[in-house]
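Notes for the one structure printed next.
The values are calculated or read from the model by the stated rules, or taken from the named source; none is laboratory data. The shown structure was predicted, so the numbers you read here are calculated from the model rather than taken from an experiment. Here Cβ is always computed from backbone atoms with ideal geometry, including for glycine, and neighbour counts include all displayed protein chains. Just the protein is used for accessible areas: all its heavy atoms, side chains included, with ligands, DNA and RNA removed. Shrake-Rupley method; radii C 1.70, N 1.55, O 1.52, S 1.80 Å.
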Amino acid sequence: MSPAAVRAGNLIREWMEDAGLRTWVDSLGNVHGRVEGRNASAEALLMGSHLDTVVDAGKFDGSLGIISVLAALKVLNINGKLGELSRPVEVIAFSDEEGVRFQSTFLGSAAVAGILPVSALKITDKSDVTIQDALKKNSIEITEENLLQLKYDPKSVWGYVEIHIEQGPVLEWVGYPLAVVKGIAGQTRLKVTMRGSQGHAGTVPMSMRHDPMASAAEAIVLLESLCKHPQDFLSFDGHCKSFSMESLSTSLVCTVGEISTWPSASNVIPGQVTFTVDLRTIDDMGREAVVYEFSNRMYQICDKRSVSCTIDHKHDADAVICDSELSSKLKSATYIGLKRMTGAAIEDEVPVLMSGAGHDAMALSHLTKVGMLFVRCRGGISHSPEEHVLDDDVWASGLAILAFIETQM
């Protein structure tokens, strides 16, 4: 609901109308464009992505998924085929996926999926403006009642498809413009706090220190080893039989993104060190096993070094597995789109990738089956002005989505 976001929403709405869609903005700022097709009462195909960005962002994250679908629908409109769709198709430009302003992700898509709690309306930004106030400032009145009314009836929806830049380097590495997404990684975020004995850097002998910084360093290196080689740490006992070690080994990523010390002075042995852990994998049971193993081994480090340790679970989200039917249709559509583009049959196998980043499809999975298509981006760079997608790859994504939508005719 910044001025730029409002202008973007208005522009997208114009493009939706230009593509022959009926448009509206809902009470959480999501922009909708819909065509009913030949059977307005049939289950609808939802498509789209988010219109918001992070600070100092690129121009493809989110917006490419909206533009690709609108371009495909405009082709059908120009060719007089938009009304031949066998089911309604609705494009949604979600208002807030990144969570930059209110530090709460998937606001727009969570409302549509019916998983946004009413209490979210009272979440404030850094200026103490609530979500409800921000919407009201832009002439959108939202109450607890009409927030609940935003939820779509699952019986009215056939599925959701999202096109998104990969935000990683794999497609560029394999030399392919598009990939089908097999699933979105589950995620655990931890906050680890270690407390020791604060002291003078020059007067406390090394053998007498209870240094939480050294303990944190050992734990962080342990985490790196565990996530690079989980098979060396996890045994196939009763706890570990429920997940695939191969799936875990190929999808597990772990990051320590923040670390802070107290009192944070160069001549003081820290009394406290805090760091974060972000752990993601497509395998939920495997993720739980890694968290369990890391916690046990970290407590052993703390005991050995005579420091205290606490672990706070800040966030847990299960993985989302993309629907096999939608994925198969997207793979076929990719072949058709690339053949139209090159004039020749494509012999290479369409890559199938996991998404380590969260997407609106995660929220929509609570409403309906989901499918995703990734588009190659230069250097795997995203959330940066350096984010870039080749014009030909934008073209490829549009042609693939056109081919997918044509399966609904």
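The number of residues in the range 313-345 being in a helix (DSSP H, G or I), open to solvent by 70 Å² or more (accessible area, probe 1.4 Å) and over 28 Å from Leu248 (Cβ atoms) comes to 4. On the stretch given as the range 134-158, residues that are assigned to a loop (DSSP other than H, G, I, E, B) and polar (S, T, N, Q) total 4.
Total residues in the range 284-294 satisfying the condition of being open to solvent by 20 Å² or more (accessible area, probe 1.4 Å) and touching a strand residue (DSSP E or B) at 6+ places or on another chain (Cβ under 9 Å): the figure is 2.
In the range 245-268 there is at least one residue that is under 18 Å from Asp211 (Cα atoms) and in contact with a Phe, Trp or Tyr (Cβ under 6 Å, 6 or more places away or on another chain). When Glu36 is tested against (1) in contact with a Gly (Cβ under 9 Å, 6 or more places away or on another chain); (2) within 16 Å of Trp15 (Cα to Cα); (3) without any contact (Cβ under 8 Å) to a residue 60 or more places away in the chain, just one condition goes unmet, and that condition is (2). One residue alone among Ser139, Ser119, Ser215, Ser207 is surrounded by 21 or more Cβ atoms within 10 Å (Cβ to Cβ) and of a type in the set (S, T, N, Q), and that residue is Ser215.
Selection of the range 12-30 for residues being without any contact (Cβ under 8 Å) to a residue 60 or more places away in the chain, part of a helix (DSSP H, G or I) and surrounded by 13 or more Cβ atoms within 10 Å (Cβ to Cβ) yields Arg13, Trp15, Asp18. Taking the criterion of being assigned to a helix (DSSP H, G or I), closer than 20 Å to Glu386 by Cβ and open to solvent by 40 Å² or more (accessible area, probe 1.4 Å), the only residue of the range 47-75 that qualifies is Ile67. Taking the listed residues Leu190, Leu121, the one that is in contact with a strand residue (DSSP E or B) (Cβ under 7 Å, 6 or more places away or on another chain) and touching a residue at least 40 places away in the same chain (Cβ under 8 Å) is Leu190, with no other qualifying. Is it the case that the range 376-390 has a residue that's in a strand (DSSP E or B) and modelled with pLDDT of 95 or more? The answer is no, given that none of the residues of the range 376-390 is in a strand (DSSP E or B) and modelled with pLDDT of 95 or more.
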